[in-house]
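Take a look at the structure below.
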Amino acid sequence: MRRGSIASLLGLGIVAGGITAAVALALPWLPKPASNEADRIDFLFWFVIVICIVIFALVASVLAYSILRFRAAPDDESDGPSIHGHTGLEIWWTLIPTILVTAIGIVSAIVLARDDNLGKHYFRVNVTAQQFAWSFTYPNSHNLTSGTLRLPRGRSVELVFTSKDVIHSFWVSEFSQKQDTVPGLTTRLHITPKRLGTFDVICTELCGLGHAVMRTEAIVMTPAAFDKWANAQAQAVTSPNTTVAGAAVFKNNGCGACHTLTAAGSSATVGPDLDKLPTYAQTAGKPLPDFVRQSVVDPNAYIAPGYPKNVMPQTFGQSLSKQQLDALVQYLISSSKKG
Ligand code: CUA
């Protein structure tokens, strides 16, 4: 090969590789990782991307060089020379891809194995998916239930998923992992949060009418703040003061994500405005306490005009203890009268 050819090939390769690398680096393809697992997945992603850029630059430069250098003249109708191929080249273009694909396989297997490794001291959170809400229970922290996923930073966390109705899918983009929740099966996901912050939890499986509103937040806290939160919640939920207990049940179960309730500082409009409960009770022709209790336990019994059926989680009432349900009903009655 002539020196000029090598220089041209190299030049084309640098141009093709440079453009591809610029596209890869300039655009924010992946969110900033917020867990150790996401870090490893990020590494694997870039490991594959770098290989792809090098191969692309190589192929693109050879292709461009061949098109420019060996193009037939407009009046040249002759066949090209009859050649048999090149055994040496064939060995290389078989060997190099084999090595690369094997390397990707090995690195992927290591990342998967390490991401799945819970270690000895892990922390468990039971996740229940139902049309159309997430709920998180902490068996190691007073069996607390929360509508937002709170996690202590740096702890190895096992999320254990069950679904009460159809297939949902748990996704926090900053954690880089997705897990389906399947009725009749228990599925799991391992996360070690490493970055403080609030991240969106999104359902990514079309699960019915309220699929788009099946969202909540994952809040990564320092271990001390997490313990403080867990203890305060446990105390509030069991408080003899029904306003305190009811407000805690309302907040922990994420009611404010869909409903307006001035007393709770929420102004969402997915579901009926809970400040107007007395008006709704009147329309339904029921005493306020009975109406509120029924609406929590059997949400389809009365549907406020303009709102669809089946969007409020049907079994939400059953997931509360009697004490929690009483507190919530009391709280809703007293807050809506004020509002
Ligand atoms: Cu649950 Cu979509």
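Under the membrane-span-like helix rule (DSSP H runs whose alpha carbons stretch at least 27 Å along the helix axis, mean Kyte-Doolittle hydropathy -1.0 or higher), the chain yields 3-26, 36-69, 87-116. Mean residue ellipticity, 222 nm, helices only, the chain: the sum of -39500 (n - 2.57) across DSSP H runs of n ≥ 4, divided by residue count and rounded to 500, is -15000 deg cm²/dmol. In terms of overall dimensions, the C-alpha atoms belonging to the chain reach 96, 50, 35 Å along their principal axes, ordered largest to smallest. Pairs from the table (K228/K286; K276/K309; K164/K337; K228/K309) lying more than 30 angstrom apart at Cα are K228/K286; K164/K337; K228/K309. Cross-link reach is defined here as a Cα-Cα straight distance under 22 Å, omitting same-chain residues fewer than 8 places apart; for K32 the lysines meeting it are K178, K194.
Between W46 and S321, the distance separating the two model label sites (each 7 Å from Cα on the Cα→Cβ line) works out to 4.8 nm. Principal axis extents of the Cα atoms in segment 223-303, from largest to smallest and rounded to whole angstrom, are 48, 27, 20.
Which shape class, rounded, prolate or oblate, goes with segment 144-293 when its Cα gyration tensor gives a ≥ b ≥ c as root eigenvalues, a/c under 1.5 marks rounded, and past that a/b bigger than b/c marks prolate? Before the final figure, lay out the partial values.
Values: a/c = 2.18, a/b = 1.40, b/c = 1.55.
The shape class here is oblate.
Size of segment 1-138 from its Cα atoms: along the principal axes, largest to smallest, the extents are 78, 32, 31 Å.
Could you look at segment 1-66 and say what percent of its accessible area is carbon and sulfur, using a 1.4 Å probe and all protein chains?
Numbers: 3350 of 4150 Å².
Here carbon and sulfur together make up 81 percent of the probe-accessible area.
A Cβ-based charge dipole, computed about the Cα centre of segment 162-295 with Lys and Arg at +1 and Asp and Glu at -1, lands at about 200 debye. Evaluated over the Cα positions of segment 1-73, the convex hull gives a direction-averaged projected area, one quarter of its surface, of 6.1 nm². Can you tell me how segment 259-311 classifies by the Cα gyration tensor, rounded, prolate or oblate, using a/c under 1.5 as the rounded cut? It is oblate, given that a/c is not under 1.5 and a/b is not larger than b/c.
Per residue, how many Å² of accessible area does segment 255-339 show with a 1.4 Å probe? On a per-residue basis, segment 255-339 sits at 51 Å². With N residues in segment 184-238, what two-decimal value do you get for its Cα radius of gyration over 2.2 N^0.38 Å? For segment 184-238, the normalised Cα radius of gyration comes out at 1.49.
Share of carbon and sulfur in the accessible area of segment 91-233 stands at 58%, probe radius 1.4 Å.
The listed residues L209, L320 rank as L209, L320 when sorted by accessible area, largest first, using a 1.4 Å probe.
The values are calculated or read from the model by the stated rules, or taken from the named source; none is laboratory data. Note that this is a predicted model, so its numbers are computed, not measured. A quick note on method: Cβ atoms are made from the backbone with ideal geometry, for glycine too, and the neighbour counts reach across all protein chains shown. Side chains included, ligands, DNA and RNA excluded: accessible areas come from the protein's heavy atoms. Shrake-Rupley method; radii C 1.70, N 1.55, O 1.52, S 1.80 Å.
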